[in-house]
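Below: one structure, written as C-alpha cells.
The values are calculated or read from the model by the stated rules, or taken from the named source; none is laboratory data. These numbers come from a predicted model, not from an experiment. Glycine gets a Cβ as well: all are built from the backbone with ideal geometry, and neighbour counts include every protein chain shown.
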Amino acid sequence: MAFLDLIQLFDTTIRLATPLLLACLAGLYSERAGIFDIGLEGKMLAAAFFSAAIAYSMGSVWMGLLAGIGISLALSAIHGLASITFRGNQLISGLAITMLAGGMTVLVAQSWFAQGGRTPSLTDDSRFTGIELPFAIGPSEAEAAGRPLSQLIAEAGPLQQIYSELISGHSILVYIAFALVPLTWWVLYATRFGLRLRAVGENPASVDTAGVSVVGLRYAAVMICGVLCGIAGAYLATALQAGFVKDMTAGRGYIALAALIFAKWRPWYALSATLLFGLFQALELRPDMIENVTGVAVQAQLLGALPYILTVVILAGFVGKAIPPRAGGQPYVKER
Amino acid sequence: MEKMPKWADVVLIPLISLILAAAISALVILGIGEDPIEAVKLMVQGALGSSNGWGYTLYYATNFMFTGLAVAVAFHASLFNIGGEGQAMLGGLGVALVCLFIPWPHWSIALIAASGAAALFGAAWALIPAYLQVRRGSHVVITTIMFNFIAFSLLNYVLVNQLRPPRAMDPASAKFPEATHLPSLHDILGTVGIEFSKHAPANISLLIAIAACVGVWALIWRTRFGFELRAFGKSESGARYAGISPFKITIVTMLISGGLAGMMAINNVMGESERLVLNAVEGAGFIGIAVSLMGRNHPFGVFLAAILFGFLYQGGAELALWTNIPRELIVVIQALVILFTGALDNMVRMPLERIFLALNTKKEG
C-alpha cells in the first residue's frame, strides 16, 4: 500500500472521528458532573436535522449551526429537568430523548420538506466546506495549475502530502473539535469550575457543604454537553454530508459513549479513543486496504462491531479498570 | 403514613402520564397540519374496527408482552435491561437454526423446541452483561447497549455468510419448512366456530405470551426466588445481610429477562415471517421498556400496556397508509410515554402527593 493511501485513510479517520470526539467530550462534561447521558445520540440527531433544515431554508450554515445547538440545548434542558430537578432515572430520560429525536426528526422533516424524512441536499454555500491552510496544495492551486488536485498531491513530497491531505482542507468544525481537547483538559484540571465539576460527580455533598450549588453546576455541565452535541450533529449534516437523512447518526452517540468509557472519562484519552474508533469506521469503508496489507479479508461486520466489543473488553477489566465518577447516575438530595 | 393510596400510585399516575403524552402527541399532529381527532378515529378503526385489525394489534401485543416482561423482571431486581433488542435478535437466530436444520414432524413439537432455543439464545446474550455487572461492576445498561450493536453485526454476518440461500440478494434466511408453520388465530378460533381474519399474523404465540405473564407473576410474588429478587431490588445491602447472593440473583434474573426477550422470536420469526430477516425485531425491545414502565412492572399491567402499544402500532401503520402522518409518530408517542412514566415520574407524583396529603390532614384534623 502506498504512502498516499495511508494518508488518505487517516484523512477519512479524522473526518469520521470528529463527530465522535465532539459527542465524547459532551458526554465527558455531563458524566464528570454525575449526570449519565445515554441521550447523546438523540441530541446529535436532532441537531443534525435542524442545522440542515435551517441552513437550507436560510441559506446560512452558521444559522444552521446555531439552530442545531439550540435544539440540542432544548433536549439537554429536558434531560436536566428530569434528572436534576425531578431526580428521575437518568438512563430512562436519555433513552426517551433519543427516541423522541428519532421520531420527531422524521415527522418534522416529512412535514416541512415532504421528501420521505430527509432535507433537500445542501449546496456549498449552506455547508461547512474545507479550509485551505496556508502553503497547502488545495483546490485553488489545482485550478491555477489547470490540473486535477489528486495529481498535484501525488507529485508532492511526503511532508507536503501529510500537510495538504491530512492537516489542511478540513472544515472549521474539525479544527474546533480538536482544539476542544486541550481546552477541556484545561477547564477540568486547571480552573475552579473544573475542580467543582469533578467534585460534584464524585461527592456532591462536599460541594454542597462548601456552599456551591450542586444543581447549578450540574445544569451547567448538562448545557455544555448540549452545545457540544449540537456542534457534533451540525457537523454530520452540514460538513460530513450535505443534508439530513433519517437516522443519520447511526449509533455514533453510543460509539462516543463507548469511547468515553474507553478513555476512562479523561480528555486526551478521549481523543485517542475516538481516533481509534474513527479508524475502524474508515476501514469499514475501505475493506480492500486491510486485505492488501494483511492478506486476510476482514469482515465488514466485525469492523463495525469492534468499538462495542473493545468497550466490553475494557469493561470486563482485561485492559485496566474503567471506574466511572462515583456519584454518576444518582440524583442529589439535600439532607433535610 | 402512606403518602398516597395505592390505587393512585397504580392507576392515577400512569393515567395522567399517558394523558400528558397523548396531549403532546396531539399538539405534534396539529403542528404538522393534520387533525388529531380524525387521526384517533382512523387509528381506532384500523386497529380495532375489524378482526384483521385486531389480528395485527394482538400480533404486535404478543411481541411487546415478551419484551415488556423481560424489562419488568429485571426492574424488580433493580437491573435495567436495555438489551431486549439484541436478545430478541439472538432469539430469532435460535428459532431459525431449530426450524431450518431439524426436520420436525409437527408444529407443536417444533414450537416447544423453538421456544427453548429462543429462550436459550436470548438468555445467553444477557449472560455476559450480567456477569460483568456482578463481577466487574460495569453497568449493565452500558454493556447491554453494546451487546445490541454486537448482536446486529453478528446477525448480519450470519445471515449474509451462512444462512442466506444461494442466489438470494437480501440478508435473510430461507423460508422455514411447512411443518414448522404455526397455527394462526384464524385456525385456532375456527375450530370453535368463530370467524377471524385469515391474513392477520396473530398466532398461537399469543397464548404462550399470556402464559408467560402468569408465569412471571407467580415467579415474582409466589416463589422464594421471587422474594429474594424483590428484596435484592429494594436494597442490595439488606439482601446481602439476609444471606441472599447478589451473584445468583443478578445472573438468574438476567437469564430469565434475556430468555423472555428471546422468546419474542417464536411470534415474529416463527409465527409471522417464517424466515429470519435482519430487522425482524423492529424496535420491539425498546418498546418493552415503555410497556414495562406503563404497566408499573406488574405482569398484568404489562399485558394491558402491551395491548395498548399493539393498538398504537397497528393504528400508526394505518395512519401512515391513509394520511401524511409518518409511522414515526408512534416512536414519538412511545418516547413521550417513557419520558413521563419513567424519567419525569416525580413531576406528576410530587403535586399528587401534596394533594393527597392535604386531603388526609383535613380528614384527620
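Quick look at the numbers
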{"item": "Considering residues of the range B:232-252 that are of a type in the set (Phe, Trp, Tyr) and either in contact with a Lys or Arg (Cβ under 8 Å, 6 or more places away or on another chain) or buried (at least 17 other Cβ atoms within 10 Å of the Cβ) (or both) only, the residue farthest from B:ALA77 (Cα to Cα)", "result": "B:PHE247"}
{"item": "Number of positions in the range A:72-107 that are more than 15 Å from A:PRO331 (Cβ to Cβ), within 7 Å of another protein chain (Cβ to nearest Cβ) and of a type in the set (Val, Ile, Thr)", "result": "1"}
{"item": "Hits in the range A:245-254 (condition: at pLDDT 90 or above and aliphatic (A, V, I, L, M))", "result": "A:VAL245, A:MET248"}
{"item": "Per-region count, the range B:293-324, residues farther than 21 Å from B:ILE82 by Cβ, buried (at least 19 other Cβ atoms within 10 Å of the Cβ) and among the aromatic types (Phe, Trp, Tyr)", "result": "2"}
{"item": "Candidate set: the range B:155-184, residues that are touching a residue at least 24 places away in the same chain (Cβ under 8 Å) and part of a helix (DSSP H, G or I); chosen: the one surrounded by the fewest Cβ atoms within 10 Å (Cβ to Cβ)", "result": "B:ALA179"}
{"item": "Residue within the range B:271-290 that is in a helix (DSSP H, G or I), more than 15 Å from the chain's Cα centre (by Cα), surrounded by 24 or more Cβ atoms within 10 Å (Cβ to Cβ) and at pLDDT 90 or above present", "result": "yes"}
{"item": "Helices (runs of 4 or more DSSP H) lying entirely in the range B:293-365 (those with 2 or more residues that are touching a Gly at 6+ places or on another chain (Cβ under 7 Å) and either more than 7 Å from chain A (Cβ to nearest Cβ) or in contact (Cβ under 8 Å) with a residue 40 or more places away in the chain (or both))", "result": "B:299-322, B:328-338"}
{"item": "Residue count, the range B:211-250 (criterion: part of a helix (DSSP H, G or I), of a type in the set (S, T, N, Q) and without any contact (Cβ under 8 Å) to a residue 24 or more places away in the chain)", "result": "1"}
{"item": "Top-ranked residue in the range A:39-66 [being surrounded by fewer than 24 Cβ atoms within 10 Å (Cβ to Cβ) and among the aliphatic types (A, V, I, L, M); ranked as nearest to B:ALA335 (Cα to Cα)]", "result": "A:LEU66"}
{"item": "Residue in the range A:143-158 that is touching a Gly at 6+ places or on another chain (Cβ under 9 Å) and either assigned to a loop (DSSP other than H, G, I, E, B) or within 30 Å of B:ALA21 (Cα to Cα) (or both) present", "result": "no"}
{"item": "Candidates B:LEU127, B:LEU154, filtered to the one that is within 24 Å of the chain's Cα centre (by Cα), at pLDDT 90 or above and at the interface with chain A (Cβ under 8 Å from one of its Cβ atoms)", "result": "B:LEU154"}
{"item": "So A:ALA109, is it assigned to a helix (DSSP H, G or I), over 22 Å from the mean Cα position of the chain (by Cα) and of a type in the set (Gly, Ala, Ser)", "result": "yes"}
{"item": "Residue within the range A:144-155 that is touching a residue at least 12 places away in the same chain (Cβ under 8 Å), in contact with a Lys or Arg (Cβ under 8 Å, 6 or more places away or on another chain) and over 30 Å from A:GLY80 (Cβ atoms) present", "result": "no"}
{"item": "Selected residue (criterion: surrounded by the fewest Cβ atoms within 10 Å (Cβ to Cβ)) from residues of the range B:185-231 that are among the polar types (S, T, N, Q) and more than 21 Å from B:GLU274 (Cβ to Cβ)", "result": "B:THR191"}
{"item": "Residue that is farthest from the other protein chains (Cβ to nearest Cβ) [pool: residues in the range B:1-44 that are among the charged types (D, E, K, R) and within 18 Å of B:GLY295 (Cα to Cα)]", "result": "B:LYS6"}
{"item": "Residue that is more than 23 Å from B:ALA96 (Cβ to Cβ), of a type outside the set (D, E, K, R) and within 12 Å of chain A (Cβ to nearest Cβ), where the choices are B:VAL192, B:VAL141", "result": "B:VAL141"}
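Quick grid of which residues meet (1) within 14 Å of chain A (Cβ to nearest Cβ); (2) free of Cβ contacts under 8 Å to residues at least 24 places away in the same chain; (3) of a type outside the set (Lys, Arg); (4) part of a loop (DSSP other than H, G, I, E, B):
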| residue | (1), (2), (3), (4) |
| --- | --- |
| B:ASN52 | no, no, yes, no |
| B:THR62 | no, no, yes, no |
| B:GLY68 | no, no, yes, no |
| B:SER78 | yes, no, yes, yes |
| B:ALA88 | no, no, yes, no |
| B:GLY94 | no, no, yes, no |
| B:LEU97 | no, yes, yes, no |
| B:LEU100 | no, no, yes, no |
| B:ALA110 | no, no, yes, no |
